[in-house]
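Structure record follows, encoded as structure tokens.
The values are calculated or read from the model by the stated rules, or taken from the named source; none is laboratory data. For clarity, every value in this text was computed on a predicted model and none was experimentally measured. Because the Cβ atoms are built from the backbone with ideal geometry, glycine has one as well, and the counts that use them run over all protein chains shown. Protein only, heavy atoms only, side chains kept; ligands, DNA and RNA dropped before computing areas. Shrake-Rupley method; radii C 1.70, N 1.55, O 1.52, S 1.80 Å.
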Amino acid sequence: MASGLLSLFSNDGPPLTIVEYLDRSSYDELAEIDLVNDRCRNIFHVEGKYFVPVTDGSYHSQYDYCIDNMVHPDDRDIFARFMDPDTVSQRLAEAEIPGAMTAQYRYKLQDGGWRWTEVCLIGDGRHGIPEGIIRFYIFDIENQMSRARVGMSGRHYVATTDHDDRTGLVREQPFLARIGGIIEGAEPERWCLIAIDLDHFKLFNEWYGREEGDFLLAEIGARLSKEEQTAGGLAGYRGGDDFCLLTPFDKDRIDNLFDDLCAIVSARRSAVGFMPVFGISMVEGPITSMDLLDQAIIAAGKAKADFRKRICIFRQPMREQEEKEYRILSDFLRGLENGEIFFELQPQCRMSTGKIVGVEALARWRRADGTMVSPLDFIPVLERHGFVTTLDCYIWEEVCSNLQAWVASGRTPIPVSVNVSQVDFYLIDIPDYFQGLVDQYELDPSLLKIEVTESAYVNNMAVIHDATTRLREKGFLVLMDDFGSGYSSLNTLRDLSVDVIKLDAQFLRIRDDKDHKGIHILESVINMAKSMNLPIISEGVETEEQSQFLERQGCRYVQGYKFYRPMSPEQFEEIIGDGEILDTRGFIVKSNEQIRTRELFDENVYSDSMLNNILGPVAMYSWNGSDVDIVRFNEQFYETINSPAFHDLLHGIQKLMPRDERPKLFHLLSQAEDNVLNGSEGMLRFLRYGGAVNRYYFRFYYLGRRDGGRLFYGSVRDVTELTELQGQMKLLSRFSSDSMVFVRKFGGGIVYKAVTHGLERAMGLTAEEFQDELASGAFINRIVEDDVRATLKDPDIFPIQEMSLRFHIRTDSGELLDLSVKSDAVDDEATDVLAILVFRAN
């Protein structure tokens with residue numbers, strides 16, 4: 001459970017500020033109130049950064065205002081004695097636990113009602129807090145006070161019983177007081193204090209009910225009580241799901257205790273996500289009981305962050321790290337008030353056109369002195385301490401405000417992705433929160449894309465699935481971020497409610513020969529997403545090599561430095577200009593399943609001859625010094641070369657090339673070695689007997705080193721006739737403004753092949769995109785005239801019947817293009833061409 005470290009008071013009266021957040025125990029229902037965020041502000045009288053609405057944030061002014069306005073009249077004497085600014089330091093020094101004292105009184109709510117709180121003052125030169133500084137905690141104990149009478153005892157209030165009813169264990173304050181006598185003068189490393197915490201206990205209560213949660217706490221209390229009796233020491237209950245145990249240090253005994261508590265939890269069906277963590281603090285020389293507990297709590301927090309190691313022993317660097325993180329939290333909260341937190345936008349592009357289909361909003365922090373704080377330095381800290389929701393809500397609202405301004409200015413709005421942490425799903429109702437944002441800023445939900453990390457889905461499947469399903473029902477697009485980071489399987493992916501997959505950037509960091517395994521993993525991850533018919537965005541794309549590889553794998557959308565770096569909203573508005581660079585169609589997935597190459601190598605399905613026919617002409621090449629030799633080849637390769645002296649050509653094949661062509665061969669091989677992912681490709685000329693020249697198109701892949709040489713795999717095609725035909729077609733495209741498309745029979749259906757495309761610039765579509773749109777029907781949907789669109793959608797008419805039509809299409813930029821199409825049927829059994837379409841601009 002959590003409590004808020006609300007205020008930092010200095011005796012000389014500096015301004016009151018909210019500085020940090022602690023994972024410290026609650027009293028009964030404290031987990032329901034996070035005392036450092038807006039829920040505190042909604043319950044108590046908190047304005048700005050001050051706990052009470054006064055202009056002077058000094059201790060004295062806070063004290064006077066509370067006495068007169070905020071504390072229940074019956075409790076004012078208690079408050080006055082406890083908080084008296086003139087005597088607080090002396091009473092802290094004389095407290096039962098030096099440097100720490102508590103009191104309980106009723107505090108006024110915004111609605112005029114009263115709520116029981118427990119206030120704890122610590123510090124003033126003790127417990128790691130500098131002299132002159134007092135830390136001030138407030139705990140909500142309303143439900144606890146409804147069950148227990150409270151009375152005055154010494155200088156602070158305590159419950160009349162030292163034991164908790166549910167667990168039967170000593171409460172925290174009496175526990176700390178009693179163990180002081182045990183640890184004082186104890187032999188070093190003879191004793192240790194264990195802080196015990198259960199993961200996600202609030203969620204356990206929601207799933208199984210509060211009564212079952214109470215039973216679980218009682219069982220754990222009974223086991224700890226047994227440990228206290230058999231091993232010696234003292235067991236305590238700190239509230240919520242937090243326990244503590246002072247016991248002799250015995251590793252085997254502690255491991256057995258941990259196993260027993262795990263067994264108690266796992267006896268509940270599907271309760272493996274609620275396992276305990278142990279934070280252990282060794283008694284090593286003079287130390288106060290509160291410091292010992294604080295150290296154990298820090299170690300437990302460390303154990304919570306590691307699912308593999310659930311028992312952690314405190315080391316001094318942990319405290320230093322904790323203090324560093326608290327400074328970050330303090331600076332972050334001040335930075336949030338001072339406008340240091342902002343967002344940048346990084347475009348997501350369609351690879352084939354380079355057009356922008358969306359952007360991602362990325363949180364940034366620039367300190368007042370101009371220095372940037374890396375997101376890797378502050379976001380994990382915010383997540384660990386529960387403040388990431390504060391950041392996320394701020395960024396979401398800033399993005400919505402920005403989108404509203406874009407719409408109001410008449411610009412074409414582009415969807416923006418925002419990140420949602422798995423912590424957010426526990427603290428707020430995500431679907432309702434986003435619905436509230438789009439209502440407030442009058443936005444279409446399709447303008448906000450919600451990114452959730454893959455680990456969040458896997459760690460909290462039921463919670464996240466419910467939320468993302470509701471988000472999609474409300475019209476929001478949901479993206480799974482960092483897909484392939486090691487959690488999902490095909491089975492879990494089928495159960496997830498997502499629209500788009502974002503590929504984890506780590507898979508693109510492929511640099512040397514040892515990365516072939518990484519390539520295979522990447523291919524498998526892509527195939528997994530494609531098998532679910534989900535669009536893929538590959539993030540972290542930084543090089544041309546990565547871009548080419550991903551395009552060959554069927555990834556249509558990319559994000560990374562290769563295309564755009566993150567930029568300010570103002571810079572983004574300048575880049576998009578009049579909107580021509582935008583692609584507003586959203587994310588599109590190819591529905592046809594691509595073949596998985598490994599399926600071809602199943603010997604139970606394909607014979608060698610069948611496989612050779614599928615692969616076509618291939619060979620293995622060895623490059624050693626200045627010679628390139630063919631060391632292995634298949635029958636198709638032999639037939640393609642078609643030379644009577646074939647075996648004489650296998651050694652030193654560069655000698656069969658024109659001299660000015662040989663450097664090109666070596667260059668292609670070097671490129672393949674440098675580019676493990678994509679290999680290299682190019683056309684090479686070889687001399688035939690009689691002086692003729694043949695042209696072959698090669699694709700090389702580097703395989704590694706063998707016998708002192710470098711080994712390559714290569715496919716080859718004889719393109720002698722094709723290059724002559726291509727030259728003629730290119731010449732035709734240069735002098736023609738028409739687009740000619742062959743309609744061909746293929747596999748029981750038809751395919752479109754644009755042999756010339758003089759309308760590429762006018763349409764705004766490449767030849768490949770034009771072909772795809774004709775095949776999918778998307779091009780016909782661009783047609784404005786309803787009657788023409790209906791005619792062309794009739795498969796008995798178009799494209800196989802002869803016709804001539806005139807119509808208008810709407811381009812991606814919104815302009816109307818006046819076109820004519822003429823269809824000529826081809827009745828010739830010698831060809832698979834069914835019809836020839838000629839598109840012409842009028």
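Couple of notes before you dig in:
- Gyration tensor (alpha-carbon) shape descriptor, the stretch 289-375, a/c threshold 1.5: oblate
- Label-point separation in nm, Arg717 to Gln671, each point 7 Å along Cα→Cβ: 1.6
- Cα centroid of the stretch 543-570 to Cα centroid of the stretch 342-367, whole Å: 11
- Calculated from backbone phi, Karplus (6.51, -1.76, 1.60) coupling profile of the stretch 64-80 in Hz, x at Gly/Pro: 5, 5, 5, 4, 7, 10, 10, 9, 4, x, 6, 10, 5, 5, 4, 4, 4
- In the stretch 212-251, the inverse of the mean reciprocal separation of distinct Cα atoms equals 10.6 Å; this is its Kirkwood hydrodynamic radius.
- Rounded FRET efficiency, nearest 0.05, which uses the C-beta distance separating Glu544 from Arg632 and R0 of 35 Å: 0.70
- C-alpha center-to-center spacing [the stretch 666-695, the stretch 621-643] in angstrom: 12
- Ranking His647, Pro658, Asn624 by Cα position along the charge dipole of the stretch 620-677, where only Lys, Arg, Asp and Glu carry charges on their C-beta atoms, puts Pro658 farthest toward the positive end.
- Using a cut-off of 22 Å between Cα atoms, the listed pairs Lys745/Lys822; Lys449/Lys474; Lys355/Lys449; Lys355/Lys502; Lys355/Lys822 include Lys355/Lys822 as exceeding that distance.
- Using a probe of 1.4 Å on the protein chains alone, the accessible area found for Arg350 is around 20 Å².
- Amide H partners (placed H, <5 Å) of Tyr557, local residues excluded: Met351, Ile536, Ser538
- The stretch 401-453 versus the stretch 743-778: alpha-carbon centroid distance in Å: 37
- Between Leu169 and Asp164, the built amide H atoms are under 5 Å apart, and every one of these is 5 or more places off in sequence or on another chain.
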